[in-house]
Amino acid sequence: MTRRFWVFIEQENGQVHPVAWELLGVARRLASEVQDEVDKTQDQVAVEGILVGHEVEPLAEEAIRYGAERVYALDAPVFKHYRNKPYHAGLVSLAQKYQPEVFLIGATTLGRDLAGSVATRLQTGLTADCTQLQMGEVKNSPRKLLLATRPAFGGNVIATILCRNHLPQMATVRPRVFTLPALNPRAKGEIVHETVAVTEETAGAQVLEFIADAAARVKIEYADVIVAGGRGLGGPAGFALLKELAEALGGVVGASRACVDAGWIPYDHQVGQTGKTVRPKLYVAAGISGAIQHKVGMQNSDFILAINRDSHAPIFDIATVGLVGDLYEVIPAMLRQIRALKEARHE
Amino acid sequence: MRFVNGRYILFHALVGIKQVPDTANIRIDPETGNLIRQGVPTILNPYDAHAVAAAVEWKRKLGGKVTVISMGPPSTVTSIRECIELGADRGVLISARQFSGADTLATSYVLAETVKAIHQQDPLDLIFFGKQAIDGDTAQVGPGVSARLDFPLVTYAIKIRELNLEQRYVVTERKTEHRNEVIKTPLPTALTCEKEIAEIPFAALPDLIYSLRYEPEVWTAESPVRFDAGQLGLKGSPTTVFKVGTPEKHAPGEVIQTFEVGVESAVKTALDKVMASGVFSSILGETR
């Protein structure tokens, strides 16, 4: 038999969400972790992508270059725009046919909408927002199981969840929790076209229109630099200063939950357990105390520069460099020095 | 209330709610890594409160009623009362020892069977959930219930634009990753709600008074619905907790006191370190 490690290749309008590539990287690693078991048996192991949409053949090829050995494609007009029912019916039918061992889905709005429905229909377990995934030995289990680790209770606790007796073992993972795997332009793989009995009549929903919301919808997950503000800003006006610094650094503005709840800045800027997970090269935390709920969303940043008046603020526990002081003195000084640096470099 | 085809059409909405520990106030025993439950206040899950507000808003527009259901320990009564205070009419608490330890699959089973029973007594138009509960943050129960009932699912709903009880459809605006989407689904539809779906109203005095003494119906594992024991609680849960721990501690970095060394010098040291780490060169647009 083949032990299949599946990744849902999320796409919208012909664009794959990068979380799918991140998950293909994870699936390859998970598959390699059972290689020792596979070697002892007649089993095989395969990393496979599941692609749903309309006219998505080029994306299947891209998935192969990111590590899928095989892509099952559901390609039909009924799948042009995401709708819960056609998509979940499609995935359920493929999973019933091929019996994957592990099924990973990005914890995006689309992925969360889909994963809960699919897991319920397959009567299996689903662990949301995993931060670590591993195939590991578990007592009384004949084979390694997916150890799915995630924060719970607002990030105060880290729990490892098992799905012992049901398949597939399903998990969702937020964008940017894992790194993008290297693209192999010469990778070869197979594309398998599948069909399922889903029609426009049974789709259960009609998308009437899309409302572009570009102004409000910042994509902080994939920014290289984030300058984030917290309660210590003292008010919404402080974000103007952060924006100036963010622009000087070529980055975007983030925020703690307190600022979003207070209405200082829209939700799309929120970093943390109930906001976005980010892993920029540089994360500047200004006036953010660093509650656990915030930390779980940004602790994977390469460099964390924290500015806070309170030297006991928990953000200093994870900061690469911490500055204890008044952010309204520190940030203007930072702006001056960065501008001077840039000028010096351009000479 | 409207008279159509010889009968009155009334709106009936159901809201699935959860009582949760206030995660902002949780403390962990640093020795054992266990949750200190004692003294942690419980609250009505904030997203659920907005879902109740939305259901009540449409009830007030169209006439009808709002039923609230929750699976949880007896103390959940206080959260159900809070929903009554917000304008819900009927509360059902599904509570028994057999339900405890349920993961999202077992929870969605109990809620779906309960919705089915209520739908048979008194047909439903919409079922609401919060987009997620703040303790588990899984966002799985709403989609799970909808899948079990085969009701269309609209997640991350921010606005109900149109609700037509005669022609049996609802038009909802929902958030997606890149934009908002307007979606039309037949009734009954299941919605999971963002906070934008409705403002929490100030309680009307009669609702407030009614809520103070309100006792929800308590449903058990046997009555009025005879649940399948194999699908309840721990037994009905495919996932189990393998281990629990506290988040990894990072090695703390360097902390500089600006009032000791001066702001300019502190900032310079910090920026030098950013540069030395290599992340800054790409930020400044320099090619290496």
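Taken together, the values in this text are just the output of simple stated rules run on the coordinates, not laboratory data. Keep in mind that what you see is a predicted model, and the values were worked out from it rather than measured. Cβ coordinates were reconstructed from backbone atoms using ideal geometry, including for glycine residues, and neighbour counts include every protein chain displayed.
Rounded to whole numbers, the Karplus 3J(HN,Hα) couplings from phi for region B:170-183 are 9, 10, 10, 9, 10, 7, 10, 4, 10, 6, 9, 10, 10, 10 Hz, using 6.51 cos²θ - 1.76 cosθ + 1.60 with θ = phi - 60°, and x at Gly and Pro. As an equivalent ellipsoid, chain A spans semi-axes of 40, 23, 19 angstrom, where each value is the square root of five times an eigenvalue of the C-alpha gyration tensor, largest first. Placing a pseudo-label 7 Å from each Cα along the Cα-to-Cβ vector at B:SER277 and B:GLU264 gives an inter-label distance of 2.5 nm.
As an exercise, identify the trypsin sites (Lys or Arg not before Pro) in region A:123-166 lying in DSSP coil whose Cβ has no more than 16 other Cβ atoms within 10 Å. Here the trypsin sites (Lys or Arg not before Pro) that fit, given the DSSP loop and packing criteria, are A:LYS139, A:ARG143, A:ARG164.
Think of region A:2-202 as a dipole: +1 on every Lys or Arg Cβ, -1 on every Asp or Glu Cβ, centred on the Cα centre; then among A:ALA107, A:VAL16, A:PRO151, A:PRO151 lies furthest on the positive end. Taking the inverse of the mean reciprocal distance over all distinct Cα pairs, the Kirkwood hydrodynamic radius of region B:2-236 comes to 18.2 Å. Where the alpha-carbon atoms of region A:2-202 are placed on the principal axes, they occupy 46, 39, 29 Å, in descending order. Site-free segments of chain B were taken between GluC sites (Glu not before Pro) in DSSP loops having at most 16 other Cβ atoms within 10 Å, sites themselves excluded; the longest one is B:32-165.
Using only side-chain charges placed at the Cβ, +1 for Lys and Arg and -1 for Asp and Glu, the dipole size of region A:2-202 relative to its Cα centre rounds to 600 debye. Measuring between alpha carbons in the structure, the pairs from A:LYS85/B:LYS184; A:LYS40/A:LYS144; A:LYS85/A:LYS188 lying more than 21 angstrom apart are A:LYS85/A:LYS188. Considering the dipole of the protein assembly as shown built from charges on the beta carbon (Lys and Arg +1, Asp and Glu -1) around the Cα centre, which of B:VAL274, B:THR192, A:GLY251 is farthest to its positive end? So the residue furthest toward the plus end is B:THR192. For region A:1-67, GluC sites (Glu not before Pro) are listed when DSSP marks them as loop and at most 15 other Cβ atoms sit within 10 Å of their Cβ; the list is A:GLU55.
Run through every distinct alpha carbon pair of the protein assembly as shown and return the Kirkwood hydrodynamic radius in angstroms, one decimal place.
One decimal place: 26.0 Å for the Kirkwood radius.
Between B:ALA204, B:ALA54, B:ALA251, the Gaussian network model of chain B with springs among Cα atoms under 10 angstrom shows the greatest mean-square fluctuation at B:ALA251. The helix-based estimate of mean residue ellipticity at 222 nm for the protein assembly as shown, built from -39,500 (n - 2.57) per DSSP H run of four or more residues and divided by its residue count, is -9000 deg cm²/dmol to the nearest 500.
Rg ratio for region B:131-221: its Cα radius of gyration over 2.2 N^0.38 Å, N being its residue count, equals 1.31. Report the residue, chosen from B:ASP48, B:ASP89, B:ASP228, that carries the largest GNM mean-square fluctuation when chain B is represented by alpha-carbon nodes joined by springs under 10 Å. The residue that fluctuates most here is B:ASP228.
With 30 Å as the limit, write out which pairs from B:LYS18/B:LYS235; A:LYS219/B:LYS131; A:LYS80/B:LYS235 have Cα-Cα distances beyond it, or answer none. Distance filter (> 30 Å) returns A:LYS80/B:LYS235.
The mean count of C-beta atoms from other chains within 10 Å of the C-beta of residues in B:251-260, rounded to a whole number, is 6. Directionally averaged projected area (region A:33-83, Cα convex hull): 4.7 nm².
Could you tell me the relative contact order of chain A? Use alpha-carbon pairs under 8 Å, at least six residues apart, and round to a whole percent. After rounding, I find 14 percent. A simple charge model with +1 on the Cβ of Lys and Arg, -1 on the Cβ of Asp and Glu and nothing else charged puts the dipole of chain A at about 660 debye relative to its Cα centre. Gaussian network model of chain B, Cα springs within a sub-10 Å range: biggest mean-square fluctuation belongs to which of B:VAL255, B:VAL141, B:VAL171? Greatest mean-square fluctuation among the candidates belongs to B:VAL255. Projecting the Cα positions of B:ILE118, B:PRO238, B:PHE202 onto the charge dipole of chain B (unit charges on Cβ atoms of Lys, Arg, Asp and Glu, taken about the Cα centre) puts B:ILE118 furthest along the positive direction.
When you filter the trypsin sites (Lys or Arg not before Pro) in region B:239-271 for DSSP loop state and at most 16 other Cβ atoms inside 10 Å of their Cβ, you are left with B:LYS249.
Using the Cα centre of region B:2-236 as the reference point, and only Cβ charges (+1 on K/R, -1 on D/E), how large is the resulting charge dipole? Debye, rounded to the nearest 20.
Computed charge dipole of region B:2-236: roughly 540 debye.
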